[in-house]
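Since every read-out is calculated from the coordinates, none of them should be taken as a lab result. As the structure is a prediction and not an experimental result, all values here were calculated from the model. FYI the Cβ positions are ideal-geometry reconstructions off the backbone, even for glycines, and counts take in every protein chain you see.
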Amino acid sequence: MQTAVYNQTRTAVLACRMVRAESFWQRFMGLMGKRRFPGEYDALLFEKCNSIHCFFMFMEIDVLFIDRKKRVVKSVSALKPWHLAWGGWESAAVIELPAGTLEKTGTLPGDQLEFN
């Protein structure tokens, strides 16, 4: 199921087509082996998650760590392949976005997100 992600604080659309990585295989594979986001979505959501890795990825990504109320706890711009990121204990989910999205929308920790 695809969902849009909207930053209420900045009145900016972060992604028009976010998909949830729900199955074991979706969560395991994520964006591994990809050189860009697939055409069918422009954001990937990992629920019940507070850290990610970019092993076996061939592109930089922007990362948002959000709490249970969909508030941004931490943001990481242009995370490089073969790097790790941890959102802290408050983080309940992770959203992976194309690199440059956070800068373009001005998204910062404390911003409130909405999923449609």
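The relative contact order of the chain comes to 31 percent, based on Cα pairs under 8 Å that sit 6 or more residues apart. The simple Förster model, with R0 at 22 Å and r as the Cβ-Cβ distance, assigns Arg36 and Trp86 a FRET efficiency of 0.30. Using a simple spin-label model with pseudo-atoms 7 Å out from Cα toward Cβ, Glu60 and Glu103 lie 0.6 nm apart. Gain on full extension, evaluated as 0.36 nm per residue between Glu22 and His53 minus their Cα-Cα distance, stands at 9.4 nm.
In this simple spin-label model, placing a label point 7 Å from the Cα along the Cα-to-Cβ direction at both Gln8 and Gln112 gives a separation of 0.3 nm. For segment 1-89, applying the loop criterion from DSSP together with a ceiling of 12 other beta carbons within 10 Å to the trypsin sites (Lys or Arg not before Pro) yields Arg35, Arg36, Lys48, Arg68, Lys69.
Rounded to the nearest 500, the 222 nm mean residue ellipticity of the chain from helices alone is -2000 deg cm²/dmol, with -39,500 (n - 2.57) taken per DSSP H run of at least 4 residues.
Scanning residues 5 or more positions from Ala92 or on other chains, those with amide H under 5 Å from its amide H are Ile66, Asp67, Arg68, with H placed 1.01 Å from N in the peptide plane.
Mind grabbing the base-10 log of I(q)/I(0) for segment 74-116 at q = 0.21, 0.34 Å⁻¹? Debye formula, identical points on the C-alpha positions, no solvent, two decimal places. Values returned for q = 0.21, 0.34 Å⁻¹ are -0.82, -1.46. The rule of thumb for compact globular proteins, 2.2 N^0.38 Å, goes into the C-alpha radius of gyration of the chain 0.94 times. Between the exposed loop cleavage positions of the chain, defined as chymotrypsin sites (Phe, Trp or Tyr not before Pro) in a non-H, G, I, E, B DSSP state with at most 16 neighbouring beta-carbon atoms within 10 angstrom, the longest gap is 1-40.
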